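Colleague: Take this structure first; my questions come after.
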């Protein structure tokens, strides 16, 4: 660089204005499109034998379009630099050409010209030229003015589109959820999960502000000439290592048309005290308003009155059917590989579908693109390990995470009769991301988990999730981008019993799906248009029951495989009508085909689906469409900002669900099976109206929100009393379609930053079901509305964190909720030689209220950057007050008397410790 | 599943169970409960009628004693069951036609209850009632083989009877005249309250489906006599009765069993509603509890001797207390029951010390009855 400037300086002595060049210049033939200066110069150097000197940085925003045939060099250069402030000087005697910016090289060259040109070179973040070696962002980058696009003579006015990636300066990983907004706040965007953004900016000078979870706020100054690409590097906020940062969107919660959406990043999740000290995504989700669970030993969750199967749980675009380990004591997601979690509970974007209540989108990190790093963690019951790093520096990175249990020492404490028992789980995550070039990215993600329990070599129970997805992201230009995903998701379980030879058996269930989807995004000045298609092919084996020993008398029984295809197309538009008014409107059309081969029962119309009313069984051949369901789903969101810090949002959405979980227990249990809609089981349909008010105080450091909703559910599956769900050949005779309604109000106050931070959320909500169709079989509670099993009207959660120093913080979480409904005995009677309980109507009474408080202390090792490893300790106590929260209440007739018992899963304080080392 | 989970919880030593008191605002019920099977084979038919009571009520069973109970055939045949005692209605021998269906009609308190028409089910005879000694006690099994005419759904109930003895046969008693506090010696042991009998009925619902088995063959454990139980201290007898039931009846009873005998772990289903085959025709909204079946009833009795199961390990837990034979000692000890002499004066033959015990150790009538069952060997 220095050499270049000496040459440049020397050259002034010989320079003459280009317009004064004599004839006899070399002639060139050049045809290039959208070329950078270096391509252009290379071509000219080849043809003219002249050397070109220029400062790359100055020309980085220039794109050259030229078509010239046998023209003189000056004509070509004139044409190339037309309408720009680039100038040239041909020093023919010396056989070189100087290219400059702003002024032609003359004696009047401004004094600061070189200084300005040399500054910030190392900090440039533009993709084509950006220096990848920088590890720290110089503050001066915020003062540099970047020129974007081709300068044209069309003058002021008009709009330009700016797009690019936001990445972590240290690891090169993209940062999703970065809020980018102009200084007036009227134009904003949020980076997607790949860190990609696109903004429509007016021509001329713009200041962009960037804010993100745990990252230092930064800004960039730009002069927009035409559409351009602009990558931004952000730096981690080291001082805030232990700060709860709940929302990236300090302003975003006010500005986004999205409502009922929560984003948590892994740092927040880590701070919330967790059972056994293992950070648990699902448990943190439960502290958010509108998210509830039936009890402690269940990771299934209920969103705004939805059942546990109405949540679409996506892990890197793969559907996870059982999100829990160890009967729900751990969630299926390894906290070390998770980047962030998004939960949509009211306005669900049109690109998602297939479940009624919510979408939980979990994405894993891409891995460090610069160097190999990793971490290892030790807990009481589990240990974790992850390693990440580049395969090809700055291009390809991987992250591999694994967890396993070592519960064997616990089993040793048991009496000798259990010495052959085993219990454990493991899971493995692998993600590889590859950047072909800034416009083409490929992501491969795999997940495998397995849980296994066996009791004295008698009954063995196991289940497993397996997922693989391949995703390709292509950016056509600033206005268009596309993502294509193909994947395989599977879930299975087995129960085997071999002790009793006569009865030895194995029961199996599995579901497999192949997915494909393509999503396109089109950015226009006031619109962001998204559209796409998706299809899922399901193959579900509802059950097989096989003898497990030669002596076994068990009759093999296999339920027929179910096949179906669910396809959808969607279109949505986010329209900024005015800076204060944004409309997000979407439509999704889903089409579901239940496919053969299958024998399908038909029942007498107008009569309950009972074995007695079976009319006939029809056999359908392979691939034959047996039944089609289809319909539109609408997604609407409207945001109006009354002031800078106060907005109102309203939304309506409708959804359809074609796959159902069958379970007549309250929580997700590992033996639950899934069922596809068929001619006898209609898809579920739900819609929701919601309204929200969002107000930020104290310079956006305190966020408050109030959301109300009303939801209707049609064809929600409930069960006839005493339904048999496993190995049932006529499952349709044991389920009933009910109607549901849910409504509630959710209040939240959040203080994301400061020494004391956290949030308080309160929810009042109801979910009521109704079964009043006598033709469907039995009427429940006389056809009146009855509360669903997980109806818990009041729910208050306080999550607080106090940071004493940068290395030490304490978190305290408290949660209170109404006890869930139960069916209690209202009387007793004598039958079969014993007193027995007479039960009241379904779900008319409640178990005692729930209260729990957890404490954790996070202690970090020192923060010196240079040391080889970084350690951290987490100590804590789960259920600090030792309250015996009943999980269930039940009644047993014992010695002729009916006794009520309450079962608490955690009857005491549970201390925990967890050690993590990062390298 | 449930077992696994419980072990898992035990592993973590976390879970706990507390008693739970019911809410107070529970309504009164008083629904009719019909318990019994119409016997289409040889032998009597018993139908027990009662009403549900509140959990807080002090009495156990609210018997219905004023009902009119009839079995009606589709051919208009009619059989009446007469009230005997405690809500039990009996007909000593019904003569039912296998080819037609029958229903039960109950009239009580100006209300009428009707069952649906029920087919007469055939039942296989009991092949054998057998037993096996395990570490936990003696398991009683019933074996049967169904055929193409039988439903494959079974219900059993049973009566247990057993003989037992007092721990001691006393040879001493208090001298009631003239001085109450002296002991006199009876030359022979008093055996009048030494051998007694006790009986029990099954208290659980024992049902089985063979629908999932390739053969309609049962080897079902109806009950277990726990190790060292007094039931097998001398001689034990069990009479097992077997009925065939319908699929619906099986489902009804298994739901009742689940609701009342098995609920309570994490993965158990919520209690479910019971809807039997009897309705109140005067007030269809009123629930009626019970599922009436018509089946041939077969029964079989076996005896098991203590000597067949030794070592059994039964003790009543009685001990002998040594006492000086004088009024002060006897009064001071609170008049314990005298058993046998300990020391006798060699000169006078007077008892100087004696062994005493608790009254329950010599009087078996406190735990049973002296009446020997008619079938006892």
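Colleague: Is it true that some residue in the stretch A:841-861 is over 46 Å from the mean Cα position of the chain (by Cα) and surrounded by 20 or more Cβ atoms within 10 Å (Cβ to Cβ)? Spell out how you get there, then give the answer.
Modeller: The initial filter retains those residues of the stretch A:841-861 that are over 46 Å from the mean Cα position of the chain (by Cα), namely none.
No, the stretch A:841-861 has no match at all.
Colleague: Residues of the stretch B:200-227 being more than 10 Å from chain A (Cβ to nearest Cβ) and surrounded by fewer than 15 Cβ atoms within 10 Å (Cβ to Cβ), which ones?
Modeller: Across the stretch B:200-227, the qualifying residues are B:221, B:226.
Colleague: Write out, first by first residue and then by second, each pair whose Cβ atoms fall under 8 Å of each other, whose residues are 6+ apart or on separate chains, and whose first residue, in the stretch A:349-377, is at positive phi while the second is modelled with pLDDT of 90 or more and assigned to a loop (DSSP other than H, G, I, E, B).
Modeller: Between residues of the stretch A:349-377 that are at positive phi and residues that are modelled with pLDDT of 90 or more and assigned to a loop (DSSP other than H, G, I, E, B), the close pairs are A:354/A:658.
Colleague: Now for a different question. Check whether at least one residue in the stretch B:15-24 is more than 10 Å from chain A (Cβ to nearest Cβ), part of a loop (DSSP other than H, G, I, E, B), modelled with pLDDT under 85 and farther than 16 Å from residue B:293 by Cβ, and report yes or no. I'd like the intermediate steps shown before the answer.
Modeller: Initially, the stretch B:15-24 is screened for residues more than 10 Å from chain A (Cβ to nearest Cβ), giving B:24.
Remaining after also requiring part of a loop (DSSP other than H, G, I, E, B): B:24.
Okay, now just the ones that are also modelled with pLDDT under 85, so B:24.
So of that shortlist, the ones also farther than 16 Å from residue B:293 by Cβ come out as B:24.
Scanning the stretch B:15-24, I find at least one residue that is more than 10 Å from chain A (Cβ to nearest Cβ), part of a loop (DSSP other than H, G, I, E, B), modelled with pLDDT under 85 and farther than 16 Å from residue B:293 by Cβ, so the answer is yes.
Colleague: Continuing with this model, one more query. What are the residues in the stretch B:74-88 that are within 23 Å of the chain's Cα centre (by Cα) and surrounded by 14 or more Cβ atoms within 10 Å (Cβ to Cβ), if any?
Modeller: Filtering the stretch B:74-88 down to residues within 23 Å of the chain's Cα centre (by Cα) leaves B:83-88.
B:83, B:87, B:88, listed by residue number.
Colleague: Which of the residues spanning the stretch B:89-104 are outside any strand (DSSP E or B) and crowded, with 18+ Cβ neighbours inside 10 Å? Steps first, please.
Modeller: Start the filter on the stretch B:89-104 by keeping residues that are outside any strand (DSSP E or B), which leaves B:92-101.
The answer is B:94, B:96.
Colleague: So, residue A:828, is that one assigned to a loop (DSSP other than H, G, I, E, B), in contact (Cβ under 8 Å) with a residue 60 or more places away in the chain, within 8 Å of chain B (Cβ to nearest Cβ) and surrounded by 15 or more Cβ atoms within 10 Å (Cβ to Cβ) or not?
Modeller: Values: assigned to a loop (DSSP other than H, G, I, E, B): no; in contact (Cβ under 8 Å) with a residue 60 or more places away in the chain: yes; within 8 Å of chain B (Cβ to nearest Cβ): yes; surrounded by 15 or more Cβ atoms within 10 Å (Cβ to Cβ): yes.
The answer is no for residue A:828.
Colleague: Give me a count of the residues in the stretch A:54-83 that are closer than 23 Å to residue A:223 by Cα and touching a strand residue (DSSP E or B) at 6+ places or on another chain (Cβ under 6 Å).
Modeller: 8
Colleague: On to the next question. Checking residue B:147 against (1) exposed (fewer than 13 other Cβ atoms within 10 Å of the Cβ); (2) farther than 18 Å from residue B:217 by Cα; (3) touching a residue at least 60 places away in the same chain (Cβ under 8 Å), which single condition isn't satisfied?
Modeller: Residue B:147 satisfies all of (1) exposed (fewer than 13 other Cβ atoms within 10 Å of the Cβ); (2) farther than 18 Å from residue B:217 by Cα; (3) touching a residue at least 60 places away in the same chain (Cβ under 8 Å) except (2).
Colleague: Within the stretch A:874-883, can one find any residue that is at pLDDT 75 or above, more than 20 Å from residue A:270 (Cβ to Cβ) and in a strand (DSSP E or B)?
Modeller: Looking only at the stretch A:874-883, we keep the residues that are at pLDDT 75 or above, and these are A:874-883.
Keeping just the survivors that are more than 20 Å from residue A:270 (Cβ to Cβ) gives A:881-883.
Keeping just the survivors that are in a strand (DSSP E or B) gives none.
No, the stretch A:874-883 contains no residue that is at pLDDT 75 or above, more than 20 Å from residue A:270 (Cβ to Cβ) and in a strand (DSSP E or B).
Colleague: With assigned to a strand (DSSP E or B) and more than 18 Å from residue A:349 (Cα to Cα) as the only criterion, which of A:586, A:543 stands out?
Modeller: On the way: A:586 fails: more than 18 Å from residue A:349 (Cα to Cα).
A:543 is the lone residue from the list that is assigned to a strand (DSSP E or B) and more than 18 Å from residue A:349 (Cα to Cα).
Colleague: May I ask you to list the residues in the stretch A:595-608 that are part of a loop (DSSP other than H, G, I, E, B) and under 19 Å from residue A:675 (Cβ atoms)? Step through it out loud before you land on a result.
Modeller: The initial filter retains those residues of the stretch A:595-608 that are part of a loop (DSSP other than H, G, I, E, B), namely A:596-597, A:604-608.
If the condition is that a residue be part of a loop (DSSP other than H, G, I, E, B) and under 19 Å from residue A:675 (Cβ atoms), then A:596, A:597, A:608 are the ones that fit.
Colleague: Here is a further query. When you go through (1) at pLDDT 80 or above; (2) closer than 24 Å to residue A:225 by Cα; (3) surrounded by 15 or more Cβ atoms within 10 Å (Cβ to Cβ) one by one for residue A:52, which number turns out not to apply?
Modeller: Failing condition for residue A:52: (2).
Colleague: Right, here's the next one. One residue is enough: does the stretch B:362-371 have a residue meeting the conditions free of Cβ contacts under 8 Å to residues at least 40 places away in the same chain and more than 33 Å from the chain's Cα centre (by Cα)?
Modeller: no
Colleague: Within the stretch A:550-559, how many residues turn out to be surrounded by fewer than 16 Cβ atoms within 10 Å (Cβ to Cβ) and either outside any strand (DSSP E or B) or within 12 Å of another protein chain (Cβ to nearest Cβ) (or both)?
Modeller: Here is the first cut: in the stretch A:550-559, the residues surrounded by fewer than 16 Cβ atoms within 10 Å (Cβ to Cβ) are A:550-551, A:555-558.
With either outside any strand (DSSP E or B) or within 12 Å of another protein chain (Cβ to nearest Cβ) (or both) added as a condition, the list becomes A:550-551, A:555-557.
Summing the residues that are surrounded by fewer than 16 Cβ atoms within 10 Å (Cβ to Cβ) and either outside any strand (DSSP E or B) or within 12 Å of another protein chain (Cβ to nearest Cβ) (or both) in the stretch A:550-559 gives 5.
Colleague: Just checking, does the stretch B:49-62 include any residue being modelled with pLDDT of 90 or more, more than 7 Å from chain A (Cβ to nearest Cβ) and either within 30 Å of residue A:911 (Cβ to Cβ) or surrounded by fewer than 18 Cβ atoms within 10 Å (Cβ to Cβ) (or both)?
Modeller: Scanning the stretch B:49-62 turns up no residue that is modelled with pLDDT of 90 or more, more than 7 Å from chain A (Cβ to nearest Cβ) and either within 30 Å of residue A:911 (Cβ to Cβ) or surrounded by fewer than 18 Cβ atoms within 10 Å (Cβ to Cβ) (or both).
Colleague: Among the residues that make up the stretch A:307-321, is at least one of them in contact (Cβ under 8 Å) with a residue 24 or more places away in the chain, assigned to a loop (DSSP other than H, G, I, E, B) and more than 24 Å from residue A:259 (Cα to Cα)? Steps first, please.
Modeller: Let us first name the residues in the stretch A:307-321 that are in contact (Cβ under 8 Å) with a residue 24 or more places away in the chain, namely A:307-321.
Narrowing the set further to residues that are assigned to a loop (DSSP other than H, G, I, E, B) leaves A:307, A:316-317, A:320-321.
Subset that is more than 24 Å from residue A:259 (Cα to Cα): A:320-321.
Yes, the stretch A:307-321 has at least one match.
Colleague: Looking at the stretch A:609-623, which of the residues that are touching a strand residue (DSSP E or B) at 6+ places or on another chain (Cβ under 9 Å) and part of a loop (DSSP other than H, G, I, E, B) is surrounded by the most Cβ atoms within 10 Å (Cβ to Cβ)?
Modeller: Per the criteria, the residue is A:609.
Colleague: Would you confirm, using the coordinates I've provided, whether residue B:291 is closer than 30 Å to residue B:166 by Cβ and at pLDDT 90 or above? Give the derivation first.
Modeller: Values: closer than 30 Å to residue B:166 by Cβ: no; at pLDDT 90 or above: yes.
For residue B:291, the condition - closer than 30 Å to residue B:166 by Cβ and at pLDDT 90 or above - is not met.
Colleague: Looking at B:77, B:40, B:116 in this structure, which one is touching a strand residue (DSSP E or B) at 6+ places or on another chain (Cβ under 6 Å) and either closer than 26 Å to residue B:296 by Cβ or at pLDDT 95 or above (or both)? Before you say what the answer is, go through the steps one by one.
Modeller: On the way: B:77 fails: touching a strand residue (DSSP E or B) at 6+ places or on another chain (Cβ under 6 Å); B:116 fails: touching a strand residue (DSSP E or B) at 6+ places or on another chain (Cβ under 6 Å).
Exactly one of B:77, B:40, B:116 is touching a strand residue (DSSP E or B) at 6+ places or on another chain (Cβ under 6 Å) and either closer than 26 Å to residue B:296 by Cβ or at pLDDT 95 or above (or both), namely B:40.
Colleague: Please go through the stretch A:523-540 and pick out each residue that is part of a strand (DSSP E or B) and at pLDDT below 90. Let's see the steps before the verdict.
Modeller: In the first step, residues of the stretch A:523-540 are kept if they are part of a strand (DSSP E or B); the result is A:523, A:527-540.
Selection gives A:523, A:527, A:528.
Colleague: Within the stretch A:701-719, track down each residue that is crowded, with 19+ Cβ neighbours inside 10 Å and outside any strand (DSSP E or B).
Modeller: Passing the criteria: none in range.
Colleague: A follow-up question, please. If only one of A:740, A:722 is under 24 Å from residue A:560 (Cα atoms) and either modelled with pLDDT of 90 or more or not in a strand (DSSP E or B) (or both), which one is it? It would help to see each step written out before you state the result.
Modeller: Working: A:740 fails: under 24 Å from residue A:560 (Cα atoms).
When all the criteria are applied, what remains is A:722.
Colleague: Identify the single condition in (1) buried (at least 18 other Cβ atoms within 10 Å of the Cβ); (2) more than 7 Å from chain B (Cβ to nearest Cβ); (3) modelled with pLDDT under 75 that residue A:897 does not satisfy, given that it satisfies every other one.
Modeller: (1)
The values are calculated or read from the model by the stated rules, or taken from the named source; none is laboratory data. On a predicted model such as this, the values are computed, not experimentally measured, just so you know. Virtual Cβ from ideal backbone geometry, glycine too; neighbours counted across all protein chains shown.
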